[in-house]
Amino acid sequence: MTEAEYRIYVVEDDMGIAQAVEKSLAAWGFRVQCAKAFGEILQEFAAFAPHLVLMDITLPFFNGYHWCSQIRKASKVPVIFLSSASDKMNIVMAMNMGGDDFISKPFDMEVLIAKVQALLRRTYDFGGKSPILEHRGALLNLADAVLTYRGEQIDLTKNEFRILKTLMEQKGRVVSRDKLMRRLWEDESFVDENTLSVNVNRLRKKLDRAGLEDFIATKVGMGYLLE
């Protein structure tokens, strides 16, 4: 992937630092989004689906450790902590909460860029695309087949994961029942359509219980879609 294909989410409440980081990353071609609602970091993360997060520790509402642990429930996306509190305890805490690196403030912008580039290469050179699909705040992690919504994990069977992955890859477009059956049972010679209906209905009930009502829409005679 090129820099222009990578998305960086910056969670920093010092607007001067946030804007300087955004400007430097953008100059290298990265797509950057700075946090706006510090009480809704997980929702912003889900909507932007970044490849890497730069996370301050001291933030309004909840600290960076809290948000990193929430992100870790849904994703293995790399997180670099930024903090002026660079004592050993904070560095160890950052790593224990799921951080991948720690940069002390004040920092050299060239060092920050170099660390971002190195971590992206290590994480994605073999993976290519971001391993997360998002819709209505629900995060589907393709690496470990885990669905997360509002910080809670929703257990999926293998077939439910394949159905949801196919629909989220094509969100906004109708996916035919034939295509879903081919994706689910590629190695099977015959599939009863009833089996697909049972799997879709079971998945819908799980999503409803998690608060994702009407997540999957039916287009009669055509198939299913996420609107």
Here are some conditions: (1) more than 25 Å from Asp108 (Cβ to Cβ); (2) crowded, with 17+ Cβ neighbours inside 10 Å; (3) among the aliphatic types (A, V, I, L, M); (4) without any contact (Cβ under 8 Å) to a residue 40 or more places away in the chain. Ala46 meets all but one. Which one does it not meet? (4)
Expected single match for crowded, with 16+ Cβ neighbours inside 10 Å and either charged (D, E, K, R) or at pLDDT 85 or above (or both) among Ala145, Ala94, Ala138 is Ala138
What's the number of the only condition in (1) in contact (Cβ under 8 Å) with a residue 24 or more places away in the chain; (2) on the phi > 0 side of the Ramachandran plot that Phe61 fails to meet? (1)
Entirely in the stretch 39-109, the strands (runs of 3 or more DSSP E) that have 3 or more residues that are more than 23 Å from Ile132 (Cβ to Cβ): 101-104
Restricting attention to the stretch 14-25, does a residue exist that is closer than 23 Å to Leu140 by Cβ, outside any helix (DSSP H, G or I) and in contact with an Asp or Glu (Cβ under 8 Å, 6 or more places away or on another chain)? no
Within the stretch 14-31, identify whether any single residue is in contact with a Phe, Trp or Tyr (Cβ under 7 Å, 6 or more places away or on another chain), at pLDDT 90 or above and hydrophobic (A, V, I, L, M, F, W, C), and answer yes or no. yes
Does the stretch 26-33 include one or more residues that are over 18 Å from Ser83 (Cβ atoms), buried (at least 16 other Cβ atoms within 10 Å of the Cβ) and over 16 Å from the mean Cα position of the chain (by Cα)? yes
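Residue by residue, here is whether (1) in the same structural domain as Phe45 (by TED's automatic domain parsing); (2) of a type outside the set (Asp, Glu); (3) not in a loop (DSSP other than H, G, I, E, B) holds:
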{"residue": "Ile113", "(1), (2), (3)": "yes, yes, yes"}
{"residue": "Leu120", "(1), (2), (3)": "yes, yes, yes"}
{"residue": "Leu156", "(1), (2), (3)": "no, yes, no"}
{"residue": "Phe161", "(1), (2), (3)": "no, yes, yes"}
{"residue": "Met168", "(1), (2), (3)": "no, yes, yes"}
{"residue": "Gly172", "(1), (2), (3)": "no, yes, no"}
Kindly indicate whether Leu147 is touching a helix residue (DSSP H, G or I) at 6+ places or on another chain (Cβ under 8 Å) and in a loop (DSSP other than H, G, I, E, B). no
From the list Leu82, Leu52, which residue is more than 14 Å from the chain's Cα centre (by Cα) and either of a type outside the set (Ser, Thr, Tyr) or at pLDDT 90 or above (or both)? Leu82
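The values are calculated or read from the model by the stated rules, or taken from the named source; none is laboratory data. This one's a predicted model, so the numbers in the text were calculated from it and none came from an experiment. All Cβ positions, glycine included, derive from the backbone under ideal geometry; neighbour counts span all protein chains shown.
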